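Here the structure comes first, spelled out in structure tokens, and everything after it is commentary.
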Amino acid sequence: SVAITATSTPSSEVPLINPITLMRLGLIWSFTSRVALIETIAYAMEKAMPAYNSDLMTVLTARGYLYQCTDEAALDKAASDGQITGYIGFDCTAPSLHVGSLVQIMMLRHLQQSGGTPIVLLGGGTTKIGDPSGKDKSRQMLTQEQIDANKEGIRRVFAKFLDFDGPNAAVMVDNDDWL
């Protein structure tokens, strides 16, 4: 079992250099030197990234989605050797998901595009019990009808990003079914 943690702020750790800005500052004068700078930056970034065998790890790393991984080599091997399965859970506290969930959604999408099976775990049951995160206030209690409407809205979001038909069809389950 391998655990990975996504990051939604890779730019805070990776400085972005805009060649146009450098040109305006007088640090780059010609088109040729701009191209050379871009090639140098691309080469340095390529050398700095670990080489992976799997499409999944290559894409997740190149896009800055991976922050921590308990065993990158094992995950890379599993992704290279065949189909892997991964899940991410989402409570049904609102009729849609916010932009903060986009990194996780895109990780599931890349998992599916690389041959893996994504599982979307809806928290229909955990939505009923309040927020266990240690906040000062518990979350607003919702009726079953509100939770069902929120689940439907979240399903529509995932239908835009994942394929629920085909050989590695995404799976959507609700923890209310077994809690």
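The values are calculated or read from the model by the stated rules, or taken from the named source; none is laboratory data. As the structure is a computational prediction, the values presented were derived from the model and not from experiment. Neighbour counts run over all protein chains shown; Cβ positions are idealised from the backbone, glycine included. Side chains are part of the model used for accessible areas, which takes the heavy atoms of the whole protein and leaves out ligands, DNA and RNA. Shrake-Rupley method; radii C 1.70, N 1.55, O 1.52, S 1.80 Å.
Among the residues of the stretch 28-80, which ones are at pLDDT 90 or above, open to solvent by 80 Å² or more (accessible area, probe 1.4 Å) and closer than 22 Å to Gln104 by Cβ?
Matches in the stretch 28-80: Asp55, Thr70.
So, Thr93, is that one under 17 Å from Leu179 (Cβ atoms) and assigned to a helix (DSSP H, G or I) or not?
No: the conditions fail for Thr93.
Can you name the residue in the stretch 96-117 that is more than 13 Å from the chain's Cα centre (by Cα) and hydroxyl-bearing (Ser, Thr, Tyr) and, of all such residues, is nearest to Tyr65 (Cα to Cα)?
The extreme case among them is Ser114.
Would you please list the contacts, defined by Cβ atoms under 7 Å and residues six or more apart or on different chains, that run from a residue in the stretch 56-82 that is on the phi > 0 side of the Ramachandran plot to a residue that is open to solvent by less than 40 Å² (accessible area, probe 1.4 Å) and part of a loop (DSSP other than H, G, I, E, B)?
Close Cβ pairs satisfying both conditions: Gly64/Thr7.
Per-residue answers, yes or no, for (1) part of a strand (DSSP E or B); (2) within 14 Å of Asn175 (Cα to Cα); (3) among the hydrophobic types (A, V, I, L, M, F, W, C):
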site: Ala74; (1), (2), (3): no, no, yes
site: Lys77; (1), (2), (3): no, no, no
site: Leu102; (1), (2), (3): no, no, yes
site: Met107; (1), (2), (3): no, no, yes
site: Gln112; (1), (2), (3): no, no, no
site: Lys128; (1), (2), (3): no, yes, no
site: Lys137; (1), (2), (3): no, no, no
site: Asn150; (1), (2), (3): no, no, no
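So which of Thr127, Thr85, Thr93 is touching a Ser or Thr at 6+ places or on another chain (Cβ under 9 Å), hydroxyl-bearing (Ser, Thr, Tyr) and closer than 18 Å to Tyr65 by Cα? Walk me through it before giving the result.
Numbers: Thr127 fails: closer than 18 Å to Tyr65 by Cα; Thr93 fails: closer than 18 Å to Tyr65 by Cα.
Unique residue meeting the criteria: Thr85.
Check the stretch 121-142 and report whether any residue there is open to solvent by less than 20 Å² (accessible area, probe 1.4 Å), within 25 Å of Arg63 (Cα to Cα), at pLDDT 95 or above and not basic (Lys, Arg).
No - not one qualifying residue is present in the stretch 121-142.
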